[in-house]
Amino acid sequence: MEEYLNYISAEKKIDLIIRTPNGPIRFFSTFKNQDNNKITITKPTSKNLAFSCVANQPVEIYVYTNGGVFKLKCKFISCSQSECLLTLPSSVEKMQRREYIRVDLKIKTVLDLIIGDSKKTIQATSRNISAKGINLLLEEDISIYSKIELKLLFEEENITTIAKKVKVKPVKVDNKIYYDTSLSFITINEKGINFIVKKCFEYEAAQRRKLLDSQI
């Protein structure tokens with residue numbers, strides 16, 4: 001159950017959730033450390049509420065890491081002016097394995113399509129992406145091409161990899177035929193995988209926060 005300690009380090013940002021009859025209340029905090037008896041975090045904050053919790057109140061911690069999303073069920077112990085203490089988790093749930101998390105992240109993509117000595121370049125925007133591959137809606141069937149060189153244009157950096165066709169399926173959108181195209185990453189390095197995983201978890205965290213905000 002303590003696998004999460006391999007991924008959670010000091011200063012890791014966390015979400016702390018308190019369930020109430022009127023819905024969940026979300027606070028932001030930072031993981032400080034864990035010993036044999038307790039977890040220490042910074043005092044949770046919120047834009048709209050002052051943090052308040054009674055002893056033995058069940059709380060949930062969500063931690064977004066390169067190893068997955070970890071959900072820890074703990075109980076509140078006490079708070080000082082700057083930090084709070086929680087019990088060790090009664091349960092830990094790994095929400096998704098890092099290599100398979102797929103999110104609807106829109107990334108500008110450049111495809112160099114090669115057949116023989118000919119090369120054609122097209123651009124598209126991802127429909128969803130994971131560390132293993134990408135899904136695109138293209139205006140043409142790229143099945144005839146023998147090699148695909150893919151470049152993902154993130155704001156922070158570009159990632160280049162050879163891609164392999166997984167699926168090319170014609171679909172009709174607004175009375176026009178497009179091609180639902182799934183590609184897997186073949187030559188992506190560990191740095192690129194870790195970067196995409198990080199961006200996927202950041203996106204998922206943002207979406208989770210929007211969902212929680214809509215429930216408050």
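The values are calculated or read from the model by the stated rules, or taken from the named source; none is laboratory data. This is a predicted model, so every value here is computed, not measured. Every residue, glycine among them, receives a Cβ derived from its backbone with ideal geometry; neighbour counts consider all protein chains shown. When the accessible area is computed, the model is the full protein with side chains, heavy atoms only, and any ligands, DNA or RNA have been set aside. Shrake-Rupley method; radii C 1.70, N 1.55, O 1.52, S 1.80 Å.
Name every residue in segment 123-147 that is out of contact with any helix residue (DSSP H, G or I) (no Cβ under 7 Å at 6 or more places or on another chain) and in a loop (DSSP other than H, G, I, E, B), in order of residue number.
Within segment 123-147, Glu139, Glu140, Asp141, Ile142, Ser143, Ile144, Tyr145, Ser146 qualify.
Take segment 156-183 and flag every residue that is over 30 Å from Arg26 (Cβ atoms), open to solvent by 30 Å² or more (accessible area, probe 1.4 Å) and under 21 Å from the mean Cα position of the chain (by Cα).
Residues satisfying the conditions are Glu157, Asn158, Thr160.
Output the strands (runs of 3 or more DSSP E) that fall wholly within segment 1-90 and possess 2 or more residues being polar (S, T, N, Q), or say none.
So the answer is 23-34, 38-42.
So the check is Cβ under 6 Å with 6+ separation or different chains; which pairs have a first residue in segment 111-122 that's part of a strand (DSSP E or B) and a second one that's of a type in the set (Lys, Arg) and open to solvent by 70 Å² or more (accessible area, probe 1.4 Å)?
Asp112/Lys119; Leu113/Lys120; Ile114/Lys147
Got a number for residues in segment 1-56 being hydrophobic (A, V, I, L, M, F, W, C), open to solvent by 60 Å² or more (accessible area, probe 1.4 Å), at pLDDT 85 or above and farther than 23 Å from Lys210 by Cα?
2
Scanning for something under 29 Å from Val197 (Cβ atoms) and in contact with a Gly (Cβ under 8 Å, 6 or more places away or on another chain), does segment 5-24 turn up at least one residue?
yes
Kindly list the number of the only condition in (1) under 18 Å from Lys106 (Cβ atoms); (2) touching a helix residue (DSSP H, G or I) at 6+ places or on another chain (Cβ under 8 Å); (3) assigned to a strand (DSSP E or B) that fails for Thr161.
For Thr161, the exception is condition (1).
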